[in-house]
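Data block below; observations after.
The values are calculated or read from the model by the stated rules, or taken from the named source; none is laboratory data. Keep in mind the model is a prediction, meaning the values are calculated, not measured. Positions of Cβ are backbone-derived with ideal geometry, glycine not excepted, and every protein chain shown enters the neighbour counts. These accessible areas exclude ligands, DNA and RNA; they are computed on the full protein's heavy atoms, side chains included. Shrake-Rupley method; radii C 1.70, N 1.55, O 1.52, S 1.80 Å.
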Amino acid sequence: MSTAKVGEIDLATGLAAYLGEAWETHVAVFDLSMTTAGARRHNIVFAAAADGEVRRLVATIVPDGETMLNSIEAEAGVRAVAEAAGVAVPHVHLSREDGALVGGPLMISDFVAGETVPRRVLRLVAERGNGELVAHQLGASLALLHGIDPAATGLSLRTLEVPGPATEAALASLAAAVDELALARPVLALGLRWLERHLPPAPSGPTIVHTDVRNGNLIVGDDGLRAVLDWEGALASGDPMQDVAWPALRMWRFREDGKEIGGFAGRAPYVAGYEAAGGTFDEERFEWWKVEGTLRWAVGLATQAMAFLDGRVPSIVMAASGRRISELEWDLLMLIRPAPTASKTSPSDSVAPGD
Amino acid sequence: MQFLPAPADLLAAIATLLGEKVLPAVPPELAHQVRVAAHLAALLEREARLGPNVAVRERTLLAALIGVDADDPGAVLADRLRSEDDPDFERRAWDVLVAVTREDLSISKPGHAAYEGT
């Protein structure tokens, strides 16, 4: 969709004014195209001409009144810090909390060409044969992010709502959510029990984590990973394995189930990339966060279904979320499979009616 | 009593209409919602056909596990799993819940349970 307006706001004029102020020169903005028009954020690709040079840029605008996990300036700040550490991110040119001329908080960054839609990303990777490269680059990107000392950045990123280790905070919030479900789900109760039994020791210290690195929040091209997107949920007090486990969940493989890391490749190149860039891979914690993430997503689907049922979000997509929970329950059961005994090694051997 | 077609047949017709005729005709901003609606109609068709037997089998499996004939055996099981500390019971629960979830998926997403990896 091509547009120069969101509501009654003339975006080209507003964007040109803000860029002109930041670059201290006259800027002309044109060729605007809304790439996503969700209620929560607008992403607009556009061209900006200044001093004889034309750049392709992306404006991210958060409509006034929308809930934000981090301020737009904190989000832009963590991207800048990550970029300085060597993580591939679209370079941020400016951020403003008071984006009155464009309808809300604003961030402008470089346009990075490539695929972002997960199935198209996987088709491209299959055609180019670079899945292992992407997995390696993804692992390296996370290690570079996790190597940043949060105290040294001066960022005002969000922190955990519950004080204490990230693992224990996650467990506490999940326990509350499972206990409050409108319909009891024994699989989720069993998953919660597993998390309690396998709670790893506290991480060594607070780490900046992205919280949503996965296929769908990446730009991938012929040459591999080009950028990590969507930093709005970054957290200053996370566990690095939380980030490392998230892209390994089955739901981000988009039918390439055998390729654990985003449908790109198996675990080996990913871990190799993480360790080569200075990260320390901890398999026990990784597995714990895979279970946590799968359970959290199931709870999130239940929350979406309730938002439909109580009328807050009258969307058929939210309604459908409630019927996806059994997919996550299956994935969860596979993750928490009990150690084999003499008689049971596979769910194919498990009980059937009449047993 | 209603005449034919049965609910499952009507839902299948709605799913086909949405997926094959409506989806290509709607503007891009509606395509995802229509795709989801087609998917849900197909899901409800499976639920209309399979749901009654799936519910009976689930109830039988859960009642055998918890040892009582409760109104809501799933809630009883969830409560026991939250409140008790019994690894052997949890192991038996895992076996039963795999079977129950496999049945659930025959309605909500056939094929999903074919993958038993992690």
- line: To the nearest Å², the heavy-atom accessible area per residue of the protein assembly as shown with 1.4 Å probe amounts to 46 Å²
message: I'd like the orientation of helix A:186-197 relative to chain A: the angle between its Cα long axis and the longest Cα principal axis, in ° from 0 to 90, rounded to 10.
response: 90 degrees
query: Give me the log10 of I(q) over I(0) for the range A:110-264 at q = 0.10, 0.13 Å⁻¹, as the Debye formula computes it from C-alpha points; what are the numbers?
result: -0.43, -0.71
message: Per-residue Cβ counts within 10 Å, from other chains only, averaged over B:62-70: what number is that?
response: 1
message: Per residue of the range A:306-318, what does 6.51 cos²θ - 1.76 cosθ + 1.60 with θ = phi - 60° give for ³J(HN,Hα)? Whole Hz please, x for Gly and Pro, Karplus curve as stated.
response: 5, 5, 6, 5, 8, x, 5, 10, x, 10, 5, 5, 5
field: From the C-alpha gyration tensor of chain A, square roots of 5λ in Å
entry: 37, 23, 20
- prompt: Taking a ≥ b ≥ c as the square roots of the eigenvalues of the Cα gyration tensor of the range A:1-137, is the shape rounded (a/c under 1.5), prolate (a/b larger than b/c) or oblate?
  reply: prolate
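Whenever you get a sec, compute what percent of the accessible area on chain A sits on carbon and sulfur atoms (1.4 Å probe). If you can, show how the numbers build up before the last one.
Values: 7960 of 15120 Å².
The C+S portion of the solvent-accessible surface of chain A is 53 percent.
Looking at the square roots a ≥ b ≥ c of the eigenvalues of the Cα gyration tensor of the range A:295-334, which shape do they give, rounded for a/c under 1.5, prolate if a/b is larger than b/c, or oblate?
Values: a/c = 3.95, a/b = 2.43, b/c = 1.62.
Prolate.
For chain B, take the alpha-carbon Rg, divide it by the Kirkwood Rh, and send me Rg/Rh.
With Rg and the Kirkwood Rh in hand, the quotient comes to 1.12.
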query: Placing +1 at every Lys and Arg Cβ and -1 at every Asp and Glu Cβ, with all other atoms neutral, what dipole size does the range B:1-91 have around its Cα centre, in debye to the nearest 20?
result: 560 debye
- request: Would you kindly find the accessible area of A:Tyr274, with a 1.4 Å probe and non-protein molecules such as ligands, DNA and RNA excluded, rounding to the nearest 10 Å²?
  value: 10 Å²
field: chain A - mean residue ellipticity at 222 nm from DSSP helices (-39,500 (n - 2.57) per run, n ≥ 4, rounded to 500)
entry: -12500 deg cm²/dmol
- prompt: Taking the alpha-carbon centroid of each part, what is the distance from the range A:89-140 to the range A:279-327 in angstrom?
  reply: 23 Å
- request: Taking chain A as the reference, fit the longest principal axis to its C-alpha atoms, fit the long axis of helix A:72-85 to the helix C-alpha atoms, and give the angle between the two in degrees, 0 to 90, nearest 10.
  value: 80 degrees
task: Compute for chains B and A the buried accessible surface, both sides summed, probe 1.4 Å, and express it in Å² to the nearest 100.
output: 3800 Å²
- request: Kindly identify the range A:110-188 as rounded, prolate or oblate by the Cα gyration tensor criterion: order the square roots of the eigenvalues as a ≥ b ≥ c, call it rounded if a/c is under 1.5, otherwise compare a/b with b/c, prolate if a/b is larger, else oblate.
  value: oblate
statement: Taking the chain alone as reference and the full protein assembly as comparison, with a 1.4 Å probe on protein heavy atoms only, the residues of the range B:22-49 that lose at least 50 Å² of accessible area are B:Leu40
message: If I fit a long axis through the Cα atoms of helix A:131-146 and take the longest principal axis of the Cα atoms of chain A, what angle between them do I get, 0 to 90°, rounded to 10?
response: 80 degrees
- line: Ordered by number, the residues of the range A:275-320 with at least 30 Å² less accessible area in the assembly than alone (1.4 Å probe) are A:Ile316, A:Val317, A:Ala320
- line: Of every hundred units of 1.4 Å-probe accessible area on chain B, the number belonging to carbon and sulfur atoms, as a percent, is 60 percent
- prompt: How high is the FRET efficiency from A:Glu127 to A:Asp257, r the C-beta distance, R0 22 Å, rounded to 0.05?
  reply: 0.65
